[in-house]
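Engineer: Provided herewith is a single structure, encoded as structure tokens, for subsequent inquiry.
The values are calculated or read from the model by the stated rules, or taken from the named source; none is laboratory data. Owing to the predicted nature of the structure, the values given are computational and were not obtained by experimental measurement. Note that each Cβ is placed from the backbone with ideal geometry, even for glycine, and that neighbours are counted across all protein chains shown. Only protein heavy atoms, including side chains, enter the accessible area calculation; ligands, DNA and RNA are left aside. Shrake-Rupley method; radii C 1.70, N 1.55, O 1.52, S 1.80 Å.
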Amino acid sequence: QFNPANDVEFDHQVGILGLARPNTQSRQVKNTGDFDVAIAINRHGLRDDKDVAEAKPGDLLVVGDSAAWGWGVEARARFSDLVQARTGIATFNLSTPTDIRGYHALLDYAERLGSKARRVILAVSMETDLDRYDLPPPAPQADDESGSWLEELRFRLARTSTTYTYLVAVVHQTPWLNDLAVRAGLIIPNFQGMSQNAYLPETIASSADLVAALTSRYRLTVLIIPSRGLWIGANRTVEDRVHTAFVS
């Protein structure tokens, strides 16, 4: 359970996409104890028990980031699987942690594999997806060496050490130890690490335009995944303004 070698990895590179390793069985475990789920990845690097190469024109494609991929939930609990169960329409999940530019790339990938599906549910994450897509994508950056040696050590241990992963889980799940670690700055509570939006009309318009561009290729349903900042934290008024503007 605590062996980092069993974690799902998104290191299968297809163009700009980082997909999960093809043909793997792994687990996704959060050291807070929030979830421990089985992850099955098919030959295309997608978390789906169906082959999108066989998708027909009347089938559905679901595209999104980690929320649509099913971060922390069993595959059968994802909204893509629930749509298929309730409608009887074959629904293929193309999701991976990415952004709106990546959603275009995922749909291109499905077509290259042979998909004929023309109906798409596109899940837009209001916490992480808004960007200036009208500008050239940033050039790949070298590894950031600005972090402290402690951050680097923690990163390496989390990727390699079962003992470290176990001890971190113990700290997270022992209230008094967790409180000490938070006060010492060793643990950042979930909501404090949440992405926050600024009201930037050019960013909102650019993001909306890139989503709308897909309507020339597909029968598109846009599913908005709201920011938790609408309900939590000091940025609520701005998040509401951004949300309303993007939907409009």
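Engineer: Find all pairs meeting these conditions: Cβ atoms under 9 angstrom apart; at least six residues apart or on different chains; first residue within region 107-123 and farther than 18 Å from Leu17 by Cβ; second residue β-branched (Val, Ile, Thr) and surrounded by fewer than 21 Cβ atoms within 10 Å (Cβ to Cβ).
Structural biologist: Arg119/Ile89; Arg119/Thr221; Ile121/Val83; Ile121/Thr221; Ile121/Val222
Results for (1) at negative phi; (2) within 25 Å of the chain's Cα centre (by Cα); (3) at pLDDT below 75, shown as yes or no for each residue.
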residue: Leu150; (1), (2), (3): yes, no, yes
residue: Arg154; (1), (2), (3): yes, yes, no
residue: Arg159; (1), (2), (3): yes, yes, no
residue: Thr163; (1), (2), (3): yes, no, no
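Engineer: A further question follows. If you check Leu135, Leu130, Leu223, which single one turns out to be loosely packed, with under 14 Cβ neighbours inside 10 Å and aliphatic (A, V, I, L, M)?
Structural biologist: When all the criteria are applied, what remains is Leu135.
Engineer: Go through (1) open to solvent by 90 Å² or more (accessible area, probe 1.4 Å); (2) in contact with a Leu (Cβ under 6 Å, 6 or more places away or on another chain) and name the single condition Leu214 misses.
Structural biologist: Condition not satisfied by Leu214: (1).
Engineer: Still on this structure, I have one more. Anything in region 148-197 that is open to solvent by 60 Å² or more (accessible area, probe 1.4 Å) and not in a helix (DSSP H, G or I)? List them, or say none.
Structural biologist: Ala184, Leu186, Ile188, Gln196
Engineer: Return the pair list, or none, for Cβ contacts closer than 9 Å from residues in region 223-243 that are under 23 Å from Pro189 (Cα atoms) to residues that are in a strand (DSSP E or B) and hydrophobic (A, V, I, L, M, F, W, C), at least 6 apart or on different chains.
Structural biologist: Ile225/Ala123; Ile225/Val124
Engineer: I need the strands (runs of 3 or more DSSP E) fully contained in region 16-123, keeping only those with at least 2 residues that are surrounded by fewer than 22 Cβ atoms within 10 Å (Cβ to Cβ).
Structural biologist: 17-19, 24-29, 36-41
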